[in-house]
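The structure appears right after this line, and notes come after that.
The values are calculated or read from the model by the stated rules, or taken from the named source; none is laboratory data. The model shown is predicted, which means the values in this text are computed figures rather than measured ones. Virtual Cβ from ideal backbone geometry, glycine too; neighbours counted across all protein chains shown.
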Amino acid sequence: MNPTRRDLLIAFGATGLITPALAQHVHQALLEVKSLDPGAAYQPKYLTGHEYQTLRRLSDLIIPADEHSKGALDAGAAEFIDFLCSRNEKLAQIYTGGLAWMDATMQHHHQVSFLEAKPEQQTALLDLIAYKKNETPELLAGIRFFDWCRRMVMDAYYTSPVGMADIGFMGNKALSSFSVPQEAVDYAVKRSPFANS
Amino acid sequence: MFQIQRSPQVADVVVIGSGAGGGTTVKVLTDLGINVTLLEAGPMLNPSKDFKEHMLPYEVDHRGAGPNAERYFGLQQWGYFEAPNGYWNIPGEPYSVSPDSEFSWFRSRILGGRTNHYGRISLRFSDYDFKPYSFDGLGTDWPVDYDEMSPYYDKAEEFMGITGTKEGIRSAPDGVFLPPIPPRVHEQLVMKAGKRLGIPVIPSRMAMLTKSVHGRAACHYCGQCGRGCRTASAFSSSQAMIFPAMKTGKLTVLTEAMARELIVDASGKVSAVSYVDKRTRTEKQIRCRNVVVAASACESARLLLNSKSPLFPNGLANGSGMVGRNLTDTTGYSLSGHIPALEGLPRHNSDGIGGMHVYVPWWLLDKRNKDFPRGYHIEIGGGFGMPQLGAFSADGSQRAGYGSGLKDYVRQRYGASISLAGRGEMIPNEHSYCEIDNSVVDQWGIPTLKFHFRWSDHEIKQAKHMHETFTSIIETMGGTVTGITHPEREAKGVSVGGTIIHEGGTVCMGDDPKTSVLNRWCQAHEVKNLFVADAAPFNGNPDKNVTLTIVALAWRTAEHLAAEMKKGNA
């Protein structure tokens, strides 16, 4: 499922306000639906509104909400990155430069910004820059930027309550005793080379 | 006008440094009714403020990256959530390394020193570790032997609280143990692999309380010992030794007090300690009858070398020229592996005590045809660790891409990797030492250290053996090696010297004043009221972490000093 489309449906489905114009103005629409996640009320400290929304969209593509769990938007990934950009010039330059590269590249191919592009145009670009094997002089800067972006979105996600829930982290609690569940031991041994020993 | 403030009183004993050795000295002496003044170069520790063991990353905006994103640019010296314990580089306190060497010097500047965060692995040295030359002709025998040390290991273990089991293995002598803790799932697989390969995997010996001892609460199994422990259920000299000593009224603690020099009188005894009060940048002196230097191996050597006088032109107690020599660190090499049998493991809390629940003691002691002397132990990592920044970066770059598939990949592999870390013995060599760099002083004008460090073939071959062993363990588990766990320090096949943070040997013991600095009581041959109580007296650095032996040896030294004071000899 395309999360942007789903967000739009949730936001506007009840009132039946889905129009062709809306589909062409994803940027605007995203601003409208931002109240669906905690980061929506966040005022960017460093990035411009457009940069911040582009980053939110990117984070949502990298770690989307799906049938298993919530995604990067609910983990506050864009807020985390914007906050650190406000504290570190080098990082800020990586993100303003990288986001501008995304826009310029999309502009070059489709005459729209990354945020305004259709979801399939957005993923087509990510399919190029999300893999080192695609490295060409034209894509190198994008690949490098995406690597930063994926790393920090993953960092933000898995250090958040929703990310910890996704992988099932249950620790750092005060316990009166420690034990190891036998079913977990049996599960691993059965699948190991020691199953019959 | 420059004026040095001198204390009117004369302290019975001044202890310099508050880590494992200083803390033990303070505890033993104050328990015996002796007044002690303790100098610590860093601030007082406040566990309720300084320890963050139960914080989750999302409780701070930067999630642990540091307020200025330091982590992302390699500028974070230590994890944000870790106990405040020290750094590789301290502003205003430089050190240098000779061009043909690599060495990193970790220093702590806080009450309790490195014991606030250390791994708490607590292994007795074995009989042959005290007599290495007699064992295989390498190194130097200690003037003490295992039988003399054993009662002090008993005292140290009983007081600190060490988990373990009696195994009857010569390379891993048994001690006074608290109940062990059950092995985690991945550790049980390592045990099975060990059985197949003939490698013993036994309950770990760790200074965490599986039972309450000496008024310290039993462990609550949050697994965050490296961040410090507010309940003092993991041993630290600050909480277990120094805070209780402060309550006796026998201990005076001077924090932010950086020792500059030991001053000797005409008779050649230490009469005062000169130090910088960092808060006011003033020079002070405290007069003393006895001094115990426990500033950490290299810092203790530096203090002696910087204490020059007409009687001791080469540095205090350094007639032998041995101060700074025989610098050692533990060898380190580690491999990570992916274990498919652990993929999708049913979720549970695998924290337990921080660090490993089982380990591998050296198991080839009797094998004579290997190509390196002595040996190493293996530390085992794995489980469902608390997600931290960077924890899944390797997953991201290996799988690449984005979207739900990336999430599935991380979820499947979470908890399915293990790490095996070798910690081995370095044989002291003539190329490894520290000396004063007269061209550089620190911000208080104290001349700094220059390091020379070289691994020999012994250590290089040992690390190769680690690589082969770890590969075979991982593959026997049905797994694949994913790479070196710490490429930043082990890329050349063995750790950079100093990075395992087990420095020792710079103020060595011996019966002969021509070849050693300290006698069998860790008392300077040439200066009878000067004692050393950290890892500096260690004649060798076996494959057993240094802290337990620092505590046991300092305990013995302190009892000797107290007995001498009682007899009127000190």
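Among the listed residues B:P200, B:P99, B:P180, which satisfies the condition of being more than 20 Å from B:N539 (Cα to Cα), surrounded by fewer than 24 Cβ atoms within 10 Å (Cβ to Cβ), out of contact with any His (no Cβ under 6 Å at 6 or more places or on another chain) and within 14 Å of chain A (Cβ to nearest Cβ)? None of the other options fit; the residue is B:P180.
For segment B:300-321, the set of residues classified as in contact with a Lys or Arg (Cβ under 9 Å, 6 or more places away or on another chain), over 18 Å from B:A272 (Cα atoms) and of a type outside the set (S, T, N, Q) consists of B:G319 only. The selection criterion, being touching a Gly at 6+ places or on another chain (Cβ under 7 Å) and either modelled with pLDDT of 95 or more or among the aliphatic types (A, V, I, L, M) (or both), does not hold for B:P183. Among the residues making up segment B:358-399, a single one is over 20 Å from B:L56 (Cα atoms), within 8 Å of another protein chain (Cβ to nearest Cβ) and surrounded by fewer than 17 Cβ atoms within 10 Å (Cβ to Cβ): B:S397. For segment B:130-144, check the following and say yes or no: at least one residue is touching a Gly at 6+ places or on another chain (Cβ under 8 Å), among the charged types (D, E, K, R), modelled with pLDDT of 95 or more and over 30 Å from B:G42 (Cβ atoms). No, every residue in segment B:130-144 fails to be touching a Gly at 6+ places or on another chain (Cβ under 8 Å), among the charged types (D, E, K, R), modelled with pLDDT of 95 or more and over 30 Å from B:G42 (Cβ atoms). Does A:V189 satisfy the criteria of being modelled with pLDDT of 95 or more, surrounded by 14 or more Cβ atoms within 10 Å (Cβ to Cβ), at the interface with chain B (Cβ under 7 Å from one of its Cβ atoms) and not in a loop (DSSP other than H, G, I, E, B)? Taking the combined requirement at face value, the residue does not satisfy it. State yes or no: is B:N545 of a type outside the set (G, A, S), crowded, with 19+ Cβ neighbours inside 10 Å, in contact (Cβ under 8 Å) with a residue 12 or more places away in the chain and under 16 Å from B:A301 (Cα atoms)? When the stated conditions are applied, B:N545 does not pass them. One residue alone among B:G223, B:G164, B:G175, B:G228 is on the phi > 0 side of the Ramachandran plot and in contact with a Lys or Arg (Cβ under 7 Å, 6 or more places away or on another chain), and that residue is B:G164. The residues of segment A:59-113 include none that are facing chain B (nearest Cβ under 8 Å), free of Cβ contacts under 8 Å to residues at least 40 places away in the same chain and within 24 Å of B:Y409 (Cβ to Cβ). Among the residues of segment B:310-356, those identified as outside any loop (DSSP other than H, G, I, E, B), under 30 Å from B:P180 (Cα atoms) and either more than 14 Å from every other protein chain (Cβ to nearest Cβ) or without any contact (Cβ under 8 Å) to a residue 24 or more places away in the chain (or both) are B:T331, B:G332, B:Y333, B:S334, B:L335, B:S336.
Restricted to segment A:160-186, and to residues there that are facing chain B (nearest Cβ under 7 Å) and of a type in the set (D, E), the residue that is nearest to B:Q188 (Cα to Cα) is A:E183.
Among the residues examined, B:I484 qualifies as surrounded by fewer than 20 Cβ atoms within 10 Å (Cβ to Cβ), under 28 Å from the mean Cα position of the chain (by Cα) and of a type in the set (A, V, I, L, M).
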